[in-house]
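Chemist: Handing you a structure now.
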Amino acid sequence: MARYRILAIGLVFAALLVFMPKDAKSDHTFDATLRFNPTPGTLWHYANITSMTGNEISFGSRDRVGGVIFTIFDEEVNTSGNGLVGMHLRFNLYQAFDDSAAGEYSDPGGPLGPPDYDEPASGEIPQFDFDPSLLEGFPLQVAPPGGGGGGGGGGGDDLAGEGAFDIVPIMETTLNYTMSESGRILDITGMELIGEIVDPSRSISVRQLFETMHFVVLPDYEVHLNESWRAPMSWTSPYVGETMEIPLVFTLADIRTTYRFRMAAIDFHGILQFDVDIADEGMMEDEYGNMESYRKESNIKGDIIIQGRVYIDIDRGILVAITDIPAAGYTPFVDGTNRGNFPWTLVPGFYASLNFERRDLYTPLGNVIDPRQDLVHRIQEMVWISTMVVE
């Protein structure tokens with residue numbers, strides 16, 4: 001009996017082997033394959049609005065810093081293939097509106113009352129309300145060689161970080177860069193002059209603007225909806241002057257079709273807490289109006305918080321827009337409610353909160369008779385918002 005039972009089991013297994021499909025495999029369907037792989041020879045026309053506003057607070061003073069940059073530019077695809085993309089970026093219009101102003105000291109017990117630190121009333125995401133008529137008749141603002149603000153830092157002998165905060169006009173109207181198909185910037189040319197003139201700790205230039213327009217990194221594998229991946233963003237932070245890596249988390253939030261684009265909506269967020277020490281030497285005006293040599297040693301600690309949304313065309317392999325922060329509660333770009341008056345009232349797609357505390361220690365050089373040191377405490381609180389859309 002046992003022999004017949006074993007024979008029956010063997011026949012069942014043999015039948016399974018005969019009738020089993022030869023190409024049987026698991027089926028795992030993904031929602032999107034994301035790549036920057038635009039067609040060589042194509043040209044894409046973009047508009048970008050960026051604004052930074054905030055306060056620099058120290059004992060007895062509070063200065064308003066920031067301004068607005070509006071630019072229209074073309075990105076031409078020179079090469080694309082084998083995992084690399086070569087791009088030529090040409091600015092057609094670049095307007096820098098500086099809104100910095102020195103604050104006046106107000107005695108808390110005086111008639112003006114305590115100082116107002118301009119705290120946001122509700123914490124809502126701001127929207128741009130930009131009047132394009134302001135740009136009529138204005139060409140590119142190109143800074144002359146040897147100038148360009150930055151408070152006398154960078155290429156001069158003045159102590160970096162002691163001048164006014166500037167929104168710097170453009171110095172180079174064309175840039176060339178190479179990136180991987182995932183979006184990582186591998187090489188960029190055209191910014192050499194900027195680094196020699198502008199003090200990055202006291203200014204906003206096209207360098208920071210480029211870094212906030214080309215930070216998106218895509219995964220090198222297929223992804224599902226709501227799947228996340230991580231990649232760092234390199235940003236030369238205002239008031240720090242150092243290029244720091246901010247860890248970002250990207251999430252494929254949606255796939256939408258609007259206008260002529262089939263797009264992947266990618267949300268991103270990240271936070272960086274840092275504590276850095278920076279030293280510099282140079283000339284600075286003393287309390288009597290004389291120029292003296294000083295050494296400045298700064299300890300800067302704080303945090304940078306970033307959030308936003310970008311849209312990537314799945315078929316064309318290009319960046320369509322940086323707009324529609326999810327925290328704003330609605331998506332006017334994909335819903336088509338704001339395309340008619342593009343891009344003046346779009347919700348920003350890149351929102352960064354920068355909060356720093358710093359201690360600056362000043363030591364006079366070459367004066368052994370007077371070895372005094374001055375320690376200045378400063379608080380710097382700023383918000384950076386930007387939006388960008390292809391036409």
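Chemist: Here are some residues: Pro120, Pro111, Pro115. Which one is at pLDDT below 90 and open to solvent by less than 70 Å² (accessible area, probe 1.4 Å)?
Modeler: Pro115
Chemist: I would also like to ask the following. Which of the residues spanning the stretch 306-331 are closer than 30 Å to Thr79 by Cβ, β-branched (Val, Ile, Thr) and either modelled with pLDDT of 90 or more or out of contact with any Gly (no Cβ under 8 Å at 6 or more places or on another chain) (or both)?
Modeler: Within the stretch 306-331, Val310, Ile312, Ile314, Ile318, Val320, Ile322 qualify.
Chemist: Quick one: is Tyr259 of a type outside the set (S, T, N, Q), open to solvent by 90 Å² or more (accessible area, probe 1.4 Å), out of contact with any Asp or Glu (no Cβ under 6 Å at 6 or more places or on another chain) and in contact (Cβ under 8 Å) with a residue 60 or more places away in the chain?
Modeler: Spelling it out, Tyr259 is indeed of a type outside the set (S, T, N, Q), open to solvent by 90 Å² or more (accessible area, probe 1.4 Å), out of contact with any Asp or Glu (no Cβ under 6 Å at 6 or more places or on another chain) and in contact (Cβ under 8 Å) with a residue 60 or more places away in the chain.
Chemist: Considering only the stretch 288-295, I want to know if a residue exists there that is on the phi > 0 side of the Ramachandran plot, without any contact (Cβ under 8 Å) to a residue 12 or more places away in the chain and assigned to a loop (DSSP other than H, G, I, E, B).
Modeler: yes
Chemist: Of the numbered conditions (1) under 29 Å from Trp44 (Cα atoms); (2) in contact (Cβ under 8 Å) with a residue 60 or more places away in the chain, Asn299 satisfies every one except a single condition; which is it?
Modeler: (1)
Chemist: Out of (1) surrounded by fewer than 14 Cβ atoms within 10 Å (Cβ to Cβ); (2) at pLDDT 60 or above; (3) within 29 Å of Asn176 (Cβ to Cβ), the odd one out for Asp98 is which?
Modeler: The one condition Asp98 does not meet is (1).
Chemist: Moving on. Out of all the residues in the stretch 52-60, is one or more over 21 Å from the mean Cα position of the chain (by Cα) and outside any loop (DSSP other than H, G, I, E, B)?
Modeler: The answer is yes; a qualifying residue exists.
Chemist: For the stretch 54-67, give me each residue that is open to solvent by 20 Å² or more (accessible area, probe 1.4 Å) and either of a type in the set (Asp, Glu) or at pLDDT 90 or above (or both).
Modeler: Correct list: Asp63 only.
Chemist: Mind listing just one residue for me: the one in the stretch 332-354 that is among the β-branched types (Val, Ile, Thr) and modelled with pLDDT under 70 and, of those, nearest to Ile72 (Cα to Cα)?
Modeler: Only one residue fits best here, namely Thr345.
Chemist: Hey, can you tell me all the residues within the stretch 212-236 that are closer than 23 Å to Ala253 by Cβ, open to solvent by 30 Å² or more (accessible area, probe 1.4 Å) and outside any loop (DSSP other than H, G, I, E, B)?
Modeler: Ser228, Arg230, Pro232
The values are calculated or read from the model by the stated rules, or taken from the named source; none is laboratory data. Fair warning: this is a prediction, and the values are worked out from it, not measured in the lab. Note that we place each Cβ from the backbone using ideal geometry, even for glycine, and neighbour counts take in every protein chain shown. Ligands, DNA and RNA are stripped out before the accessible areas are found, and what is left, the full protein with its side chains, is counted by its heavy atoms. Shrake-Rupley method; radii C 1.70, N 1.55, O 1.52, S 1.80 Å.
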